[in-house]
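K.L.:
Quick one: the structure is below, and I'll ask about it shortly.
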Amino acid sequence: MMYNLLQYLLHLPVGLVWLIFLVENAMITCGVLLLGRYFYKGGYTAREWGICAITNILNTVVTYGGFWLWKQGGIKVSMEGSWRVLVDFVLLFVAMDLLMYVFHIVIHKTFLYKVVHQLHHEAVDPKPIDLFVLHPVETMGFGSLWLLLLVVYGFNIYAIIIYLVVNVIFGLAGHLGVEPLPAKVRQWPLVKYLGTSTFHHDHHRDIQHNFGFYTSVWDRLFNTYR
Ligand SMILES: [Zn+2]
Ligand SMILES: [Zn+2]
């Protein structure tokens, strides 16, 4: 099915493919903001909407970049639905968590903080739209890391899709503004090591700690966990 879909895109005019990817990104953003409304009742400023729109356009550039690289043979994906879906998903989850941890530390501890990342930290108490309130350099940095990983290794296409969904869920969770999980659940064996709403909210409150996204594993390992 995925194979047919990708083949179909190949035969469409380039402009239409761009439009499809833009609509896809906009729909993901709408989904995040609609789900977010359930938790955050306040409104957003025109400036936040503007930055959110720019982030969507840049995410579309990254999406098209991935499609283009696949078309050129730079990114290879396996299409079969087998045990590789699970293995590749775990690989993507762990690898991106580590890469983003390192990238996040770099944009905090260098001149890049003031120039790039401070924008995201204007929110001391994050709200759903803050997931998209990112400096263009930051959006492209995360996007490049993502495409680089896909070039290095040919992941399973279903693992990629599941990962992308999970990525959005964690992104939304981190900027919900409230903690939906009861304290007891957050102490469960595996959940304990996941990047919960509280985990990323605490990063906005104290920028010296909690640089991870999906897990607190790297923060625990490198002593930046709070
Ligand atoms: Zn940060
Ligand atoms: Zn954040």
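K.L.:
How many residues does segment 178-226 hold that are among the polar types (S, T, N, Q) and assigned to a strand (DSSP E or B)? Working first, answer last.
P.N.:
Of segment 178-226, the ones among the polar types (S, T, N, Q) are 187, 196-198, 208, 210, 215-216, 223-224.
Next, only the ones that are assigned to a strand (DSSP E or B) stay: 215.
Matching residues across segment 178-226 total 1.
K.L.:
Exactly one of (1) free of Cβ contacts under 8 Å to residues at least 12 places away in the same chain; (2) outside any helix (DSSP H, G or I); (3) of a type in the set (A, V, I, L, M, F, W, C) is unmet by VAL90. Its number?
P.N.:
(2)
K.L.:
Please enumerate the residues belonging to segment 111-133 that are in contact with a Leu (Cβ under 9 Å, 6 or more places away or on another chain) and within 9 Å of ligand 2 (Cβ to nearest atom).
P.N.:
Correct list: HIS120, PRO126, LEU131, VAL133.
K.L.:
In segment 96-123, what count of residues is obtained for those that are outside any helix (DSSP H, G or I) and within 12 Å of ligand 1 (Cβ to nearest atom)? So that I can check it myself, show each step before the final result.
P.N.:
So in segment 96-123, the residues outside any helix (DSSP H, G or I) come out as 110-111, 116, 123.
Okay, now just the ones that are also within 12 Å of ligand 1 (Cβ to nearest atom), so 116, 123.
The number of residues fulfilling the criteria is 2.
K.L.:
Among the residues of segment 125-184, write down those that are of a type in the set (Phe, Trp, Tyr) and farther than 17 Å from TYR44 by Cβ. So that I can check it myself, show each step before the final result.
P.N.:
Taking segment 125-184 first, the residues of a type in the set (Phe, Trp, Tyr) are 132, 142, 146, 153, 155, 158, 163, 170.
Result: PHE142, TRP146, TYR153, PHE155, TYR158, TYR163, PHE170.
K.L.:
Going residue by residue through segment 83-94, is there one that turns out to be buried (at least 18 other Cβ atoms within 10 Å of the Cβ), touching a strand residue (DSSP E or B) at 6+ places or on another chain (Cβ under 7 Å) and modelled with pLDDT of 95 or more?
P.N.:
Within segment 83-94, one or more residues are buried (at least 18 other Cβ atoms within 10 Å of the Cβ), touching a strand residue (DSSP E or B) at 6+ places or on another chain (Cβ under 7 Å) and modelled with pLDDT of 95 or more.
K.L.:
Would you be able to say whether some residue in segment 57-65 is closer than 22 Å to TYR225 by Cα, of a type outside the set (Lys, Arg) and more than 16 Å from ligand 2 (Cβ to nearest atom)? It would help to see each step written out before you state the result.
P.N.:
Taking segment 57-65 as the starting set, the residues that turn out to be closer than 22 Å to TYR225 by Cα are none.
There is no residue in segment 57-65 that is closer than 22 Å to TYR225 by Cα, of a type outside the set (Lys, Arg) and more than 16 Å from ligand 2 (Cβ to nearest atom).
K.L.:
Do the conditions hold for ASN4, that is, is it surrounded by fewer than 18 Cβ atoms within 10 Å (Cβ to Cβ) and part of a helix (DSSP H, G or I)? Give the derivation first.
P.N.:
On the way: surrounded by fewer than 18 Cβ atoms within 10 Å (Cβ to Cβ): yes; part of a helix (DSSP H, G or I): yes.
For ASN4, the condition - surrounded by fewer than 18 Cβ atoms within 10 Å (Cβ to Cβ) and part of a helix (DSSP H, G or I) - is met.
K.L.:
Of all residues in segment 124-135, which are surrounded by 17 or more Cβ atoms within 10 Å (Cβ to Cβ), among the hydrophobic types (A, V, I, L, M, F, W, C) and either within 12 Å of ligand 1 (Cβ to nearest atom) or not in a helix (DSSP H, G or I) (or both)?
P.N.:
Keep residues of segment 124-135 that are surrounded by 17 or more Cβ atoms within 10 Å (Cβ to Cβ), which gives 126-135.
Right, trim to among the hydrophobic types (A, V, I, L, M, F, W, C) and you get 129, 131-134.
Correct list: PHE132, VAL133, LEU134.
K.L.:
Working only within segment 1-34, note down all residues that are touching a residue at least 60 places away in the same chain (Cβ under 8 Å) and of a type in the set (A, V, I, L, M). Please lay out each step first, then the result.
P.N.:
Of all residues in segment 1-34, those touching a residue at least 60 places away in the same chain (Cβ under 8 Å) come to 2-3, 6, 10, 28-29, 31-33.
Scanning segment 1-34 gives MET2, LEU6, LEU10, ILE28, VAL32, LEU33.
K.L.:
Going through TYR101, TYR113 one at a time, which residue ends up being under 17 Å from the mean Cα position of the chain (by Cα) and among the hydroxyl-bearing types (Ser, Thr, Tyr)?
P.N.:
Working: TYR113 fails: under 17 Å from the mean Cα position of the chain (by Cα).
That would be TYR101, the only listed residue that is under 17 Å from the mean Cα position of the chain (by Cα) and among the hydroxyl-bearing types (Ser, Thr, Tyr).
K.L.:
Would segment 178-198 turn up any residue that is of a type in the set (S, T, N, Q), closer than 20 Å to HIS117 by Cα, crowded, with 21+ Cβ neighbours inside 10 Å and within 13 Å of ligand 1 (Cβ to nearest atom)?
P.N.:
no
K.L.:
Restricting the search to segment 155-176, which residues are part of a loop (DSSP other than H, G, I, E, B) and either exposed (fewer than 14 other Cβ atoms within 10 Å of the Cβ) or within 16 Å of ligand 1 (Cβ to nearest atom) (or both)?
P.N.:
So in segment 155-176, the residues part of a loop (DSSP other than H, G, I, E, B) come out as 155, 175-176.
Across segment 155-176, the qualifying residue is only HIS175.
The values are calculated or read from the model by the stated rules, or taken from the named source; none is laboratory data. Given the structure is predicted, the values throughout are model-derived calculations rather than measurements. Glycine gets a Cβ as well: all are built from the backbone with ideal geometry, and neighbour counts include every protein chain shown.
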